[in-house]
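The structure appears below as structure tokens.
The values are calculated or read from the model by the stated rules, or taken from the named source; none is laboratory data. As the structure is a prediction and not an experimental result, all values here were calculated from the model. Cβ: placed from backbone, ideal geometry, glycine included. Neighbour counts: every protein chain shown. Please note that ligands, DNA and RNA were not included when accessible areas were found on the heavy atoms of the full protein model with its side chains. Shrake-Rupley method; radii C 1.70, N 1.55, O 1.52, S 1.80 Å.
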Amino acid sequence: MIEVLAKLGRGPVFLAGEVLECVITFTNPLSASSTSASSEMLAWASAQIHCQFHASENRVTLPPSDGSKHDVQAENETVFVPNRGERGQCILSTPPKILFCDLRLDPGESKSYSYCETLPVDGPPSFRGQSVKYVYKLTIGCQRVNSPIKLLRVPFRVLVLHGLKDYQFPQDEAVAPSNPFLEEEEGLKKDSRLADLATELLMVATSRRSLHLYNISNTRGKVGTFCIFKTVYKIGEDVIGTFNFSEGDIPCLQFSVSLQTEESIQEEFQRRRGQPVSFTVHARHQESCLHTAQSSFSLPIPLSSTPGFTTNIVSLKWRLHFEFVTSGESAGTCLVRGSQSEAVTWTGVEQMEVDTFSWDLPIKVLPTNPILASYVSQFSSTNSITI
């Protein structure tokens with residue numbers, strides 16, 4: 001028996017273009033004093049990254065894939081196919097790397113190997129939607145002599161920030177940002193600078209503030225105004241907005257604001273022409289606001305959510321969805337006097353005419369620092385298997 005342990009050192013979330021580093025440890029767990037202790041042999045081990053794509057048959061129609069035959073490959077074959085047994089299509093993969101050949105482990109002995117690979121910048125982000133899924137995995141294949149291949153899969157998340165692949169790092173290391181007290185390999189230095197660059201670009205893109213004012217009105221007149229200071233955010237930030245109903249002619253009884261994503265399939269891949277898009281609500285605020293002059297809301301963008309993106313098959317966009325309930329009567333008739341005595345009691349009317357209308361405001365949501373997103377990731381940094 002051999003235990004195989006794979007550990008992602010920095011966490012399970014990466015930016016496209018970064019270097020993924022995984023330490024794979026092979027251990028013979030039996031101690032030398034055990035009566036059944038013996039040396040264990042592995043013929044070979046290899047590792048490869050791949051992105052698996054799966055689409056809902058009710059929503060998406062896809063052309064046949066030439067690689068679909070690999071998904072049902074028999075387990076006793078000796079060819080390393082990382083996506084063997086997986087649903088969907090393998091749309092992206094890196095070249096396989098051999099970790100070792102003919103490994104012998106004595107009782108209690110362990111050996112570790114480091115796997116490093118640059119994540120492709122032209123792939124889609126990790127995404128689990130209602131119509132499609134993009135799932136990234138690092139697969140380690142191991143085989144004993146005359147035994148079937150065993151696969152250890154390490155799922156991880158990929159964030160895509162457009163514009164990183166076009167950036168050219170300085171060739172003169174004297175002007176490149178560096179730490180003179182640390183000795184780093186060239187690949188790790190570039191990877192670190194890539195993460196720092198992404199953080200800087202995201203900070204610049206999401207820190208710009210300018211006043212955006214919108215008039216809220218229906219066919220009968222003005223209800224109020226809405227104010228928001230920016231429309232570009234990172235996942236993990238809060239979307240904050242304020243309402244001013246004091247200048248409105250039509251009383252607003254209630255409003256709600258939903259933070260939503262809109263998942264739409266490109267027309268040529270739709271199962272039915274003109275099929276509706278899919279909406280997902282990530283946060284919602286609802287408030288009764290009759291006789292309220294001003295109000296506000298704060299909606300958090302979950303760190304586990306996917307920033308907006310577009311591929312040849314699917315598009316994901318973010319928006320704020322507003323719903324307003326207004327009175328069909330003037331503000332003064334919304335209350336009735338309940339008594340003629342000195343102690344006056346005002347009560348709400350039992351019935352009143354209302355109007356409802358909605359409004360959508362598009363916003364842009366970008367990735368964040370992958371280390372921050374790792375704290376709430378559903379994936380574990382450590383995975384293991386026994387063979």
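Listed peptides 195-204, 361-370 appear in the order 361-370, 195-204 once ranked by packing, highest mean of other Cβ atoms within 10 Å at the front.
Averaged per residue, region 221-271 has 36 square angstrom of accessible surface, using a 1.4 angstrom probe with ligands and nucleic acids left out. Residues whose amide H lies under 5 Å from that of Gly241, counting only those 5 or more places away or on a different chain, are Phe297; hydrogens are built 1.01 Å from N in the peptide plane. Note on region 183-284: with neighbouring protein chains present and a 1.4 Å probe, carbon and sulfur make up 47 percent of its accessible heavy-atom surface.
Near Gln275, once Lys and Arg are set to +1 and Asp and Glu to -1 for all other residues with Cβ below 12 Å from its Cβ, the sum equals +2. Local charge for Thr306 was computed over the other residues whose Cβ lies under 10 Å away, with Lys and Arg +1 and Asp and Glu -1, and equals +1.
If R0 is 56 Å, the Cβ-Cβ spacing of Trp359 and Arg87 corresponds to a FRET efficiency of close to 0.90.
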